[in-house]
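Student: Okay, here's the structure, questions in a sec.
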Amino acid sequence: MSFATALALLIGLLVAAPVAAHMLRRRRAEERPFPPARLVPPTPPTARRRSHLEDRALFGVRALAILLLALLGATPFVRCSRLTLARKAGANVALAIVVDDSLSMRAPFGDDRDSSRFDRALQAARELAAGLRPGDAVAVVTAGAPARVALASTTNIAAATSAIDGLTVSDRSTDLDAAVRLSQDLLKGLAQTDKRIVVLSDLADGAPGSPPLAASGDIAMWAPLPELAEARQDCAVTRADRTGRKIHARVVCSPEAAPAAPEAAGSASPAQAPAKEARSLEVRSGPNVIKSTPVTGTSRVEDVAVELPADAPDALFVALTGSDAIAEDDRAPVIASGGALPIAVVVDTATSHVETGGPPPIEQAFAALELDAQIRPLPAVPEHEGDLNAYAALFVDDAPGFTPEVRHAIAAWVGRGGAVFLTLGPRAAAAPLGASFDPLVPGVVRWLPSQAEGVDPASASFLGPSAPGFADLNPRGRAVLEPAAIEGADVLARWSDGAPFMIRRAIGRGAVIALSLPLSVEESDLVLRPAFLALLDRIVSLARAKGGARRIDAGEAWSFDGWKDVVVERVSFAGPGDRTAVPVSQEDGRPRAVPSLAGLYELTLDGEKTTRAVAVPEREIDLRPRRVHSSAQAESLGGVSAAVDISPYVALALLALLAVELLLRTVGHRPAPAEPTA
């Protein structure tokens, strides 16, 4: 409420004036002649009757008039507005409301620390739903990665309101492109000709330099809340690994938001640059601080090492001191060393290389992706299951089959949750006697000339929007699998002639992915395509989902193949007694859990307990907004409705009260008829 509005409403305090006037008013008593009273001597009064309201109806009218006057004075400053759609000739609309539920939406909205950007987005979504009419269609999509459908297209407005009320903010990263594509798919084919996507987001998707966000085709996109796209400063603890008595933590800050060291850094004077709050990283056990070390703030990503005392307990977490835009990402659980995903790579450098030199293409690709993975090149596949237990995923390029011992070790390791990625080429088809890929890939592998130039993008949903990148691979040949290898397997992508390009076979709790091309640049352009990076990213995500990593990002999934009784609980930083259950769903008969909040989790798998960590996605710490297409700000799409001016109605009520007061005064002052005297 503004000062002017409050000042106008203070006029209402003058309602006490009629009370005082009525209480202080004195009427001269009406005298009536009574002849016998002359015989009694007059006595001076010793007490006076207390004042009281004599005309309550008149007082009520006057008090109400003063309150209405106060309201009349405040109405020029009172605005009752809401977000509304601008309809084309009053026609019905098909609307997809995209609500960003990612971590960045936890930032305060404006100067109000008690209200977040997510709260404002929900309020706007409710206002849009309230403005829908019969015949309108609406869908609700959430933009936290991965983008999800909260409500499919429907004309049930009550269902839309219920779906919006059920949304909660999370610690996920932001995927606006996927949310817009998903919204477009929901709106296609609807009868309404006016189709729109409303994006309620701060547009902080970690890619401020990406092309402007826009819809395609005849579907318009509207971003009605530019006030959410305000750059903020935030720092987060994304990971904390413990090795012996030392903790290695990573602190990531938004650009130009690195915390200052306790001592002034740099030569800039206070007049040249604003002072930043000095922050430290504390190691805590419950409410107790075990150790503290300053955060220098010399770079956007800073790795901090903390030496622990000898008697430090096992259950620890780290926390940043001070404050920033988002308090929820200032803490992270400490887990044993090995939080990064360990991946073994077996590649023959003689066949898999590039003319520019350097490591094999797959190792260069992993380095470019920065997937929080530890890549460990191996000269050969380990022959013993125990040697494979140190890895979560195994990449093998065009191996000439495996010996029975190696096949047994790999199958046992995969059955307990491992993930293996096999590329099949000419050497795989020339396996010596006694070597094969069974039971990983049953049957014989043959290398034949390829009749297709690339992958059918429509069949490669596993690759997402990167699938068209494999449409032209220029292959010299391809591996052909027998029907036994395809039976019971998921075909993740097909060649343009329909033959399997990539399959996934489930073995116990793990999975085997087989690709019908090797990594050699002499056999195809596979590793030269940008889509190859997306392929590796998906396979690493699969390995994480299998439980190979003790740490995943919020929004990623755990898949528990082979487990029957699965319980997932989030353990609060306040202590192990404060727990929140995470729903476990079934997908193709496999238990699956998706943690949306960062923190420490306890998993109970068929009675066996283990702990995992969920981290804040590093790219989500960049709170710089992404641009949107200029058409998304068009006034023709909608806006804030005009303020509701109630002053005419208040004025009419005042006139009515004046008439009532005149009537009461007229009736109250009418002289009473004189009584006849004897």
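Student: Once you charge only the Cβ atoms, +1 for Lys and Arg and -1 for Asp and Glu, what is the size of the charge dipole of segment 552-615 about its Cα centre, to the nearest 20 debye?
Tutor: The calculated dipole for segment 552-615 is roughly 120 debye.
Student: If we count other beta carbons within 10 Å of each Cβ, what is the order of PHE395, PHE462, PHE560, fewest first?
Tutor: PHE462, PHE560, PHE395
Student: Could you check what % of the DSSP bridge pairs in segment 83-230 are antiparallel, to the nearest 5?
Tutor: The antiparallel fraction comes to roughly 30 percent.
Student: Select from SER524, GLY469, VAL491 the residue farthest towards the positive end of the dipole of segment 393-540; place +1 on Cβ of Lys and Arg, -1 on Cβ of Asp and Glu, and compute about the Cα centre.
Tutor: In segment 393-540, that residue is VAL491.
Student: Roughly how big is segment 83-230's charge dipole about its Cα centre, with Cβ charges of +1 (Lys, Arg) and -1 (Asp, Glu), in debye to the nearest 20?
Tutor: 540
Student: Suppose we keep just the DSSP beta bridges with both residues in segment 341-545; what percent of those would be antiparallel, to 5?
Tutor: Beta bridges within segment 341-545, antiparallel portion: roughly 45 percent.
Student: Same structure again: Order of 417-429, 144-156 by packing, highest average Cβ count within 10 Å first?
Tutor: For the peptides 417-429, 144-156, the packing ranking is 417-429, 144-156.
Student: Using the charge dipole of segment 83-230 (Lys, Arg: +1 at Cβ; Asp, Glu: -1 at Cβ; taken about the Cα centre), state which of ALA191, GLN123, PRO208 has its Cα farthest towards the positive end.
Tutor: It is ALA191, whose Cα lies furthest towards the positive end.
Student: Gain in length, ALA484 to ASP606, computed as 0.36 nm per residue apart minus the alpha-carbon separation, to one decimal in nm?
Tutor: 40.7 nm
Student: Would you order TRP495, TRP563 from fewest to most other beta-carbon atoms within 10 Å of each residue's own beta-carbon?
Tutor: Going from least to most buried by this count: TRP563, TRP495.
Student: When the Cα centres of segment 410-476 and segment 606-621 are compared, how far apart do they sit, in Å?
Tutor: So the two Cα centres are separated by 31 Å.
Student: Would you mind ranking LYS564, LYS246 by Cβ crowding within 10 Å, fewest neighbours first?
Tutor: With the fewest neighbours first, LYS564, LYS246 line up as LYS564, LYS246.
Student: Based on the mean of other beta carbon atoms within 10 Å per residue, what is the order of 376-385, 612-621, 503-512, 450-459, most packed first?
Tutor: The densest-packed peptide leads the list: 612-621, 503-512, 450-459, 376-385.
Student: Sticking with this one: Cβ neighbours within 10 Å, averaged per peptide: list 303-314, 396-407, 91-102, 175-186 in order, most packed at the top.
Tutor: 91-102, 175-186, 396-407, 303-314
Bear in mind that the values in this text are calculations on the coordinates, not laboratory data. Keep in mind that this is a model prediction, so the values were computed, not measured. With ideal geometry, Cβ positions are generated from the backbone for all residues, glycine too; neighbour counts draw on all protein chains shown.
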